[in-house]
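See below for the structure under consideration.
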Amino acid sequence: PRTIQLMGDMMEEYRWWQNDFFKPVRRMKPFLKILHKLRLLPLFAKLFEWDLTRNLRSEVNIYTYRTADYMLSSAQDYRRGFGGDQHHIWQATLGRRAVCFTTHPGSLSDRDSPGYWVGSGTLPRVGQYKNVAIVIYRIRTAPAFFPIRRLDFTHAWLPRSEFDEVVERNGWIFARKGRGYLALWSMRPYRWREEGEDKGCEVIAEGRENIWICELGSKDECGSFESFVERISKAEVEVKGLSVRYESPSQGSLIFGWDGPFRRNGEEVELKGYPRYDNPYGYVPYPANEVRVECGGEWLYLNYERLERRASGYLSSG
């Protein structure tokens, strides 16, 4: 809404209507030109903000939990229900190719953006605490400006051939890579794709609304893979609408929904207001005027107000 009127000026002044980059909006050129002339583009942008801002890269609170055997990372509660573009909202990583993530496809082809695997037609709401992520989808059905195909399913990328073991039990899919373990659950019934390019890699769950749960573990944390499978497959999962209570064997009672806070054992988990950096190498508040990180006796210091960069010997010479 704050920039679209100027955007209309640029489209006219520099003949951007002829640029292929803006081909998706060319079909609405007469309508948009009228709104531009009447200075109604900001109102139009406000009404369709969820769709028009697909390319926006706004503030995001990124949470990453890593051990020697796995990593789980997500964009916490990021623009839920908005149209997505090339955003990658969450991923579990147990190896270079042994990964898992979900999307709502924006197209049947990855030649488009968002595509079948690249980005999202509608962004989910994600809440993560350490090794557990809950991912909730509510697919938009309202009229849209961009010609995004409305596909009424969500899907997970989980390549069976990249894991050492894959087991299915009580609605869960379990996978092991080395000493790392993964569990994936879908509220909707799921099916594996057993044909085509994504055979044995794609897990499809039909429906406009869905909840996915992913929990990671390891041999050090859980003992054997069979023990991991046994404990999680017996864990209680209660769904009411688009809210879920999951009794995680590792983290206790987790409650999360499309609305409301994320709670662990009754206490709220913060999903926003994160510092710029918070990790073993340094703590930097947000917004950050200066940054200092240290590792193995080496350090780097940045001051944005004074345009200053200082570093330890190795970094300075390197």
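The values are calculated or read from the model by the stated rules, or taken from the named source; none is laboratory data. Predicted, not measured: the structure shown is a model, and the values here were computed from it. Because the Cβ atoms are built from the backbone with ideal geometry, glycine has one as well, and the counts that use them run over all protein chains shown. The area values use the complete protein model at the heavy-atom level, side chains included, leaving out ligands, DNA and RNA. Shrake-Rupley method; radii C 1.70, N 1.55, O 1.52, S 1.80 Å.
Tell me yes or no: at least one residue of region 134-147 is over 28 Å from GLY241 (Cβ atoms), aromatic (Phe, Trp, Tyr), more than 14 Å from the chain's Cα centre (by Cα) and open to solvent by 30 Å² or more (accessible area, probe 1.4 Å). Within region 134-147, one or more residues are over 28 Å from GLY241 (Cβ atoms), aromatic (Phe, Trp, Tyr), more than 14 Å from the chain's Cα centre (by Cα) and open to solvent by 30 Å² or more (accessible area, probe 1.4 Å). The set of residues from region 17-41 being open to solvent by 50 Å² or more (accessible area, probe 1.4 Å) and over 31 Å from the mean Cα position of the chain (by Cα) comprises GLN18, LYS29, PRO30, PHE31, LYS33, ILE34, LYS37, LEU38, ARG39, LEU40.
With respect to (1) open to solvent by 70 Å² or more (accessible area, probe 1.4 Å); (2) hydroxyl-bearing (Ser, Thr, Tyr); (3) closer than 14 Å to PRO1 by Cβ, the lone exception for SER58 is condition (1). Would you say ALA288 is small (Gly, Ala, Ser) and at pLDDT below 95? Yes; evaluated as a whole, the condition is true for this residue. Within region 153-169, one or more residues are under 25 Å from ASP220 (Cβ atoms), touching a residue at least 60 places away in the same chain (Cβ under 8 Å) and in a loop (DSSP other than H, G, I, E, B).
Does PHE44 satisfy the condition of being under 15 Å from the mean Cα position of the chain (by Cα) and either open to solvent by 10 Å² or more (accessible area, probe 1.4 Å) or closer than 22 Å to PHE153 by Cα (or both)? Considered against the rule, which asks whether it is under 15 Å from the mean Cα position of the chain (by Cα) and either open to solvent by 10 Å² or more (accessible area, probe 1.4 Å) or closer than 22 Å to PHE153 by Cα (or both), PHE44 comes out as no. Among the residues making up region 180-193, a single one is open to solvent by 80 Å² or more (accessible area, probe 1.4 Å) and either in contact (Cβ under 8 Å) with a residue 24 or more places away in the chain or touching a Gly at 6+ places or on another chain (Cβ under 7 Å) (or both): ARG188.
Looking only at residues of region 98-133 that are β-branched (Val, Ile, Thr) and modelled with pLDDT of 95 or more, we find that the one that is surrounded by the most Cβ atoms within 10 Å (Cβ to Cβ) is THR103. Suppose we keep only residues that are among the β-branched types (Val, Ile, Thr) and touching a helix residue (DSSP H, G or I) at 6+ places or on another chain (Cβ under 6 Å) within region 154-181. Which one would you say is nearest to HIS88 (Cα to Cα)? Applying the filter and picking the extreme gives VAL166.
Of the residues SER224, SER250, which single one is farther than 19 Å from TYR65 by Cα, open to solvent by 20 Å² or more (accessible area, probe 1.4 Å) and of a type in the set (S, T, N, Q)? After applying the criteria, what remains is SER224. Tell me whether region 209-216 contains one or more residues that are farther than 25 Å from SER250 by Cα and modelled with pLDDT of 95 or more. Yes: region 209-216 contains one or more residues that are farther than 25 Å from SER250 by Cα and modelled with pLDDT of 95 or more.
If you check LYS177 against the conditions, is it at pLDDT 95 or above, loosely packed, with under 14 Cβ neighbours inside 10 Å, under 17 Å from VAL99 (Cα atoms) and not small (Gly, Ala, Ser)? For LYS177, the condition - at pLDDT 95 or above, loosely packed, with under 14 Cβ neighbours inside 10 Å, under 17 Å from VAL99 (Cα atoms) and not small (Gly, Ala, Ser) - is not met.
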